[in-house]
Structure formats: structure tokens, C-alpha cells
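Engineer: Below you'll find the structure I mean.
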Amino acid sequence: MQKELSATNKEAWNQSPYEAWTIRYGTPVTAAEKIKGNPVGLLTSLYEWMGDVRGKRVINLLGSHGSKAVALALLGAEVTVVDIASENARYAADLAEAVGVKIHYVVSDVLELKEAELKKNYDIVLMEFGILHYFSDLLPLMNIVSKLLCSGGRLVLQDFHPISTKLISSRGSTQAIRKHKVTGDYFDTSIEEVEVPYHKFLPEQQRNDLLKTRLRKWTLGEVVTSVAAAGLFVEILKEEPNKSSEDYDKGIPKTFTLIAKQL
């Protein structure tokens, strides 16, 4: 199942992402200026959990266009990115060059990393927003995370909360008219076919021709259990609401942060 899923998603993710990121963030030179101006701001709440990264070895799994990795490198970390899309790697390389930092980018399925990469003894494994659903089984992924971390190293995982992704649908563009309905099945284990995330940044004609990705959405219990089953000690699980305004979507969890330690 995973090999089929990875093959489909690899093909989908190698359809013009460089162009999409250029439309969304500007050329790497333009995007670099924003990162240089405020690398901590680009990391948002991740910085709170990672702290001072100077001299630390960080690996960003499924790191996409490399913006977070470049910001971390600018703050003094030694950063590796793993991602399945070669055009993501190209944008990240151009971005790093424009910022004036070095990152190591590995174009690979995370589950097929070579043994040499698994012995790097990283201080931090970073995974953030919308990546767990590319895996049909989370335990092999978390076993990779465990192999990557040094003793005392930490997994920093942020993702969209399953309540929002699996259960609740929302309609309306403002707080006054925002409506929420329970339309999903929280325990659904099926594979879904959805648009590749960057499709909305491309011209309409180009969007119509894009292949779709295939995803398996996970419950929070499944995520936590997979981390623990890989031998990592779960230190923190923080669930958070939408932060776009004080009362927006009050009472509905939108994201979560999980911090786990390699003993």
C-alpha cells in the first residue's frame, strides 16, 4: 500500500511546484529578503518549541520548498531536508543561495532513506503541517524518526488537528457567518484523493491538468500511539484553536504540537 501511495504522491508533487512557489512567495531572491528580515517570525510557534538552534543538527522531514530549513540555517543550525520532489529541492537550493546559507537537501522518500542518512544523530527532527497523511502506516515513519535522533534529541511535530481535518467542515468567510457542521467520520481509515496542496497557486488551466495526491488521515490517538510505539517519550501534546483572531472558531481545536524525546 505505501509503495503505491508514495509513487502516486511523488508524481503529483513533481508537477511544477517551483512555479507555484514562485507565484506564492516570489522568486527565491525575493523570498530570501523576507527570511533574512525575520527568520524567527517565519518559524512562528515552532521557534518556541525548538529554542536556540545554534550549533544543533536539525532534519526537516518532508520539508517542501525549504523556507523553514533556510530560516533555521540562518539562525545557526546545521540543517538537512528530506522531500520527495526534486523541484522543491531546486527552489530550496536557490533560496539558500540567495540567503547566503547552506542546507543539505536529500530528494528521497523518507521511508527509503539510505543507511548513511539514518546515522546522523540529529538533535531535532522537525515535521510540520500536512505530512502525516502521506503515510498508510505511521509506525515505520516514527521508527525512522527514532533512528535519526540522538540520545536526548527531540521530535517537534506540528499538524492540523484531526477534529478539523476528519470531522468538522466549515463554511463562511467571516466570524459572523462562520458555520461548522459535523460531516465526517473521525474513525474513517479510507484513502482519499485530493488536489496537490500548491495547485491553488497555479493558473486555472494548469490546475485542471494536475494529478491528485492520495491521503490517509489519522486520529490524534493513532499519532500519539505511533510515536510511543517507536520508543520515543511523549513530553508534550498541546492542542490549539485557530489563532487568526481572539474569538475565531472558539472552542474548536485547529492544530496540535507534539514533542517527544529520544531516551
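The values are calculated or read from the model by the stated rules, or taken from the named source; none is laboratory data. Remember, it's a predicted structure, so these values are computed and weren't measured experimentally. Backbone-built Cβ (ideal geometry, glycine too); neighbour counts: all protein chains shown. Calculation scope for accessible area: heavy atoms of the full protein, side chains included, ligands and nucleic acids excluded. Shrake-Rupley method; radii C 1.70, N 1.55, O 1.52, S 1.80 Å.
Engineer: All but one of (1) buried (at least 19 other Cβ atoms within 10 Å of the Cβ); (2) part of a helix (DSSP H, G or I); (3) of a type outside the set (S, T, N, Q) hold for V82; state the number of the condition that does not hold.
Structural biologist: Failed condition: (2).
Quick grid of which residues meet (1) buried (at least 18 other Cβ atoms within 10 Å of the Cβ); (2) closer than 28 Å to S151 by Cβ:
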{"residue": "M1", "(1), (2)": "no, no"}
{"residue": "T8", "(1), (2)": "no, no"}
{"residue": "S16", "(1), (2)": "yes, no"}
{"residue": "E19", "(1), (2)": "no, no"}
{"residue": "I23", "(1), (2)": "no, no"}
{"residue": "T30", "(1), (2)": "no, no"}
{"residue": "S45", "(1), (2)": "no, yes"}
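Engineer: Filtering the range 70-124 down to residues that are at pLDDT 95 or above and touching a Cys at 6+ places or on another chain (Cβ under 9 Å), which residue is nearest to E4 (Cα to Cα)?
Structural biologist: Residue satisfying both the conditions and the ranking: Y122.
Engineer: Filter the range 206-263 down to the residues that are hydrophobic (A, V, I, L, M, F, W, C), open to solvent by less than 70 Å² (accessible area, probe 1.4 Å) and at pLDDT below 95, then identify the one that is nearest to E192 (Cα to Cα). Spell out the reasoning first.
Structural biologist: Going residue by residue through the range 206-263, those that are hydrophobic (A, V, I, L, M, F, W, C) are 210-211, 215, 218, 220, 223-224, 227-230, 232-234, 236-237, 252, 256, 258-260, 263.
Applying the additional criterion that residues be open to solvent by less than 70 Å² (accessible area, probe 1.4 Å) yields 210, 215, 218, 220, 223-224, 227-230, 232, 234, 236, 252, 256, 258-260.
Adding the requirement that they be at pLDDT below 95 leaves 210, 252.
Working: L210: 16, I252: 23 Å.
If we take residues in the range 206-263 being hydrophobic (A, V, I, L, M, F, W, C), open to solvent by less than 70 Å² (accessible area, probe 1.4 Å) and at pLDDT below 95, then L210 is nearest to E192 (Cα to Cα).
Engineer: Starting from the range 54-70, keep only residues that are open to solvent by 20 Å² or more (accessible area, probe 1.4 Å), then list their pairs with residues that are assigned to a loop (DSSP other than H, G, I, E, B) and among the basic types (K, R) whose Cβ atoms are within a distance under 7 Å, requiring at least 6 positions of separation or different chains.
Structural biologist: Pairs that qualify, where the first residue is open to solvent by 20 Å² or more (accessible area, probe 1.4 Å) and the partner is assigned to a loop (DSSP other than H, G, I, E, B) and among the basic types (K, R), are R57/K120.
Engineer: Just give me the residues in the range 78-99 being over 20 Å from L148 (Cα atoms), touching a strand residue (DSSP E or B) at 6+ places or on another chain (Cβ under 6 Å) and in contact (Cβ under 8 Å) with a residue 24 or more places away in the chain, in sequence order. First the steps, then the outcome.
Structural biologist: If we filter the range 78-99 for residues that are over 20 Å from L148 (Cα atoms), which is where we start, we get 85-99.
Then drop every residue that is not touching a strand residue (DSSP E or B) at 6+ places or on another chain (Cβ under 6 Å), which leaves 86, 89, 92.
Once the filter is applied, which keeps residues that are over 20 Å from L148 (Cα atoms), touching a strand residue (DSSP E or B) at 6+ places or on another chain (Cβ under 6 Å) and in contact (Cβ under 8 Å) with a residue 24 or more places away in the chain, the range 78-99 yields S86, A92.
Engineer: What are the pairs, 6+ residues apart or on separate chains, where a residue within the range 148-160 that is of a type in the set (K, R) has its Cβ under 8 Å from a residue that is part of a strand (DSSP E or B) and surrounded by fewer than 23 Cβ atoms within 10 Å (Cβ to Cβ)?
Structural biologist: Between residues of the range 148-160 that are of a type in the set (K, R) and residues that are part of a strand (DSSP E or B) and surrounded by fewer than 23 Cβ atoms within 10 Å (Cβ to Cβ), the close pairs are R154/D123; R154/E235; R154/I259; R154/K261; R154/Q262.
Engineer: Given the criteria of a type in the set (S, T, N, Q) and either within 24 Å of T44 (Cβ to Cβ) or touching a residue at least 60 places away in the same chain (Cβ under 8 Å) (or both), does S226 qualify?
Structural biologist: On the way: of a type in the set (S, T, N, Q): yes; either within 24 Å of T44 (Cβ to Cβ) or touching a residue at least 60 places away in the same chain (Cβ under 8 Å) (or both): yes.
Judged against the criteria, S226 is a match.
Engineer: Return the residues of the range 113-134 that are part of a loop (DSSP other than H, G, I, E, B) and either charged (D, E, K, R) or open to solvent by 50 Å² or more (accessible area, probe 1.4 Å) (or both); say none if nothing qualifies.
Structural biologist: At the first step, the residues of the range 113-134 found to be part of a loop (DSSP other than H, G, I, E, B) are 113-116, 120-121, 129-131.
Matches in the range 113-134: K114, E115, A116, K120, N121, F129.
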